[in-house]
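Novice: Here it is: the structure, laid out below.
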Amino acid sequence: MTTRDEGELLTRVGPGTPMGTLMRQYWIPAAPSSELVVDAPPTRLLLLGEKLVAFRDSAGRVGVIDHQCPHRCASLFYGRNEEGGLRCTYHGWKFDVDGNCLDTPNIPTHQSFTQKIRARAYRTAERNGIVWVYMGAAEQAPPLPCIEATLMPPEEVTTFFVQRECSWMQAMEGDIDTSHFAFLHAGGVAIDDVPEGHTAKFGLTHRAPEYHVADTDWGTMYAAHRPADPGNTYWRFAHFLFPFWTIPPDGDFKQHVITRAWVPMDDHHTMFVHLSWKRNTPGLRVLKDGSPVPGTARGNLGGPLLPNETGWYGRYRPAANLGNDHLIDRDAQLAGNYSGIEGIHMQDQAMTESMGPIADFASEHLALSDAMIVRTRRRLLQAVRAFQEGIAPPALENPEVCAGARGGDFVSSSSIGWLAAYAEEMRASANPTGALRQAAE
Ligand code: FES
Ligand SMILES: [Fe+2]
């Protein structure tokens with residue numbers, strides 16, 4: 001079990017907290033590049049409990065700086081983004097994307113001390129249509145992640161951001177909790193509804209899989225396994241990658257490039273960042289008669305996002321949310337949609353948000369089906385404690401190890417072990433970025 005103290009360690013991410021300090025060592029996906037427009041008003045950005053503003057200057061460079069002006073702490077959210085910097089509207093001080101003070105126009109020139117003033121600014125980078133932020137203190141920022149889906153060019157990848165009203169930890173754990181799939185998402189699907197030859201039939205025939213779990217160079221991995229045809233095993237592989245990434249199993253392994261970040265906005269709010277290859281083969285979405293799996297007719301989110309607003313919690317909010325019971329439809333629940341909630345993502349959102357802002361881990365009764373969750377918590381706790389002793393956390397200095405992680409489902413001969421089956425499937429898989437490591441053993 002996880003104690004209350006361990007739960008605190010895992011879920012508190014603000015400045016100075018052990019987990020927050022660990023996360024700050026890695027690059028963080030913070031916003032779609034398209035959200036920041038040249039010389040447009042700044043955006044409020046909440047990351048790891050820090051109130052920041054993000055803006056794109058006249059030259060197209062992205063700045064992510066403390067929202068409080070270093071002069072007298074007025075919010076730079078009200079600032080003017082003009083001519084190569086963000087100007088505070090209180091006394092006109094102006095800052096560039098690196099936090100340098102460019103101008104203090106309320107002070108006579110001979111008294112000016114712009115060189116001594118700096119706004120707290122974080123390093124930024126842009127890749128595959130995403131703005132990345134490095135909030136750590138290292139002189140040299142580490143390399144950007146090497147998780148397969150983060151290496152794809154923007155035209156090859158589907159990206160979306162969705163806010164979730166709970167701790168990053170319980171949100172992320174939804175992705176490594178595979179046995180819920182046959183209930184929450186597919187509880188209303190009968191075996192006879194599954195199209196001929198689709199691997200989903202094995203998952204629905206045996207709704208209580210067994211597991212292998214292991215620590216890896218990038219974090220943790222599991223394989224859920226069930227009997228398939230005689231002599232064969234049905235596998236579902238998935239991963240946790242430091243510090244907050246997952247690779248889920250819901251798709252054909254050979255053709256499944258995907259990752260999801262669970263970025264803490266603060267202790268109680270998470271920004272989900274999804275990246276997936278446009279040529280992925282997803283899991284079961286259509287039944288034998290051509291109708292959608294109940295609960296998937298309106299897409300993954302089950303409905304629209306609300307228009308973004310300017311508040312700290314105003315970005316990428318689903319219209320279905322805790323305040324309206326995620327638009328649960330009790331008639332649909334009786335008629336075949338097991339949860340009564342539309343959209344696979346929204347079903348997960350409802351379950352994890354319903355736990356409260358931070359789940360009380362000490363009240364849980366974990367079972368063998370939670371082996372991956374237990375393993376991942378332990379790996380995170382070990383890494384946090386080791387980092388406090390000066391030991392670099394996993395995949396920080398060597399992010400290329402993450403290219404050994406691929407998730408998905410497949411059937412293989414029962415005569416080979418789980419890691420051998422994984423390595424064999426890796427060798428047979430599409431490798432669109434060229435980064436996929438061809439062995440995982
Ligand atoms: S508070 Fe920003 S310029 Fe004075
Ligand atoms: Fe799920």
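Novice: When residues of the range 83-127 are filtered for being away from ligand 1 (no atom under 14 Å from the Cβ) and over 29 Å from residue 48 (Cβ atoms), how many remain?
Specialist: Summing the residues that are away from ligand 1 (no atom under 14 Å from the Cβ) and over 29 Å from residue 48 (Cβ atoms) in the range 83-127 gives 6.
Novice: Is it fair to say residue 43 is closer than 30 Å to residue 369 by Cβ and crowded, with 18+ Cβ neighbours inside 10 Å?
Specialist: Taking the combined requirement at face value, the residue does not satisfy it.
Novice: Quick one: residue 73 ticks every box in (1) in contact with a Pro (Cβ under 7 Å, 6 or more places away or on another chain); (2) without any contact (Cβ under 8 Å) to a residue 24 or more places away in the chain; (3) hydrophobic (A, V, I, L, M, F, W, C) except a single one, so which number is it?
Specialist: (1)
Novice: Residues of the range 308-359 being at negative phi, under 20 Å from the mean Cα position of the chain (by Cα) and of a type in the set (Phe, Trp, Tyr), which ones?
Specialist: Of everything in the range 308-359, those that are at negative phi, under 20 Å from the mean Cα position of the chain (by Cα) and of a type in the set (Phe, Trp, Tyr) turn out to be 312, 313.
Novice: With respect to residue 235, is the statement that it is surrounded by 15 or more Cβ atoms within 10 Å (Cβ to Cβ), modelled with pLDDT of 95 or more and assigned to a strand (DSSP E or B) true?
Specialist: yes
Novice: Within the range 304-331, work out how many residues are surrounded by 19 or more Cβ atoms within 10 Å (Cβ to Cβ) and either touching an Asp or Glu at 6+ places or on another chain (Cβ under 9 Å) or of a type in the set (Lys, Arg) (or both).
Specialist: 3
Novice: From the residues in the range 154-175 that are farther than 18 Å from residue 282 by Cβ and within 13 Å of ligand 2 (Cβ to nearest atom), which one is surrounded by the fewest Cβ atoms within 10 Å (Cβ to Cβ)?
Specialist: 173
The values are calculated or read from the model by the stated rules, or taken from the named source; none is laboratory data. All values derive from a computational prediction rather than experimental measurement. Every residue, glycine among them, receives a Cβ derived from its backbone with ideal geometry; neighbour counts consider all protein chains shown.
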